[in-house]
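The values are calculated or read from the model by the stated rules, or taken from the named source; none is laboratory data. Computed from a predicted structure; not experimentally measured. With ideal geometry, Cβ positions are generated from the backbone for all residues, glycine too; neighbour counts draw on all protein chains shown.
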Amino acid sequence: MLKNISIELEAELLENLESDKWQEVKVEREDIISFFLNMIEGVKWEDPFYKKYFEAIFLR
């Protein structure tokens, strides 16, 4: 899911969205586009992970 990140670090980051280790992740334009497309699709299928992000981003 995350480029250039070890599987262990990826699992840790996805478990703790407020981790300081997120600063180590290099984000590119295509990653942002992919995230939003996945989020829209996830909300459509009622995926709890993407529903949380959608609520945090758009419903505050």
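(1) under 10 Å from the mean Cα position of the chain (by Cα); (2) modelled with pLDDT of 90 or more: which one isn't true of LEU13, the others all being true?
(2)
Do we find a residue being of a type outside the set (D, E, K, R), in contact with a Leu (Cβ under 7 Å, 6 or more places away or on another chain) and at negative phi anywhere in the range 28-48?
For the range 28-48, residues of a type outside the set (D, E, K, R), in contact with a Leu (Cβ under 7 Å, 6 or more places away or on another chain) and at negative phi: absent.
Take ASP47 and decide whether it is touching a residue at least 24 places away in the same chain (Cβ under 8 Å), surrounded by 11 or more Cβ atoms within 10 Å (Cβ to Cβ) and of a type in the set (Asp, Glu).
Answer is no for this residue.
Taking the range 17-39 on its own, how many of its residues are β-branched (Val, Ile, Thr), in contact (Cβ under 8 Å) with a residue 12 or more places away in the chain and exposed (fewer than 14 other Cβ atoms within 10 Å of the Cβ)?
So the count comes out to 0.
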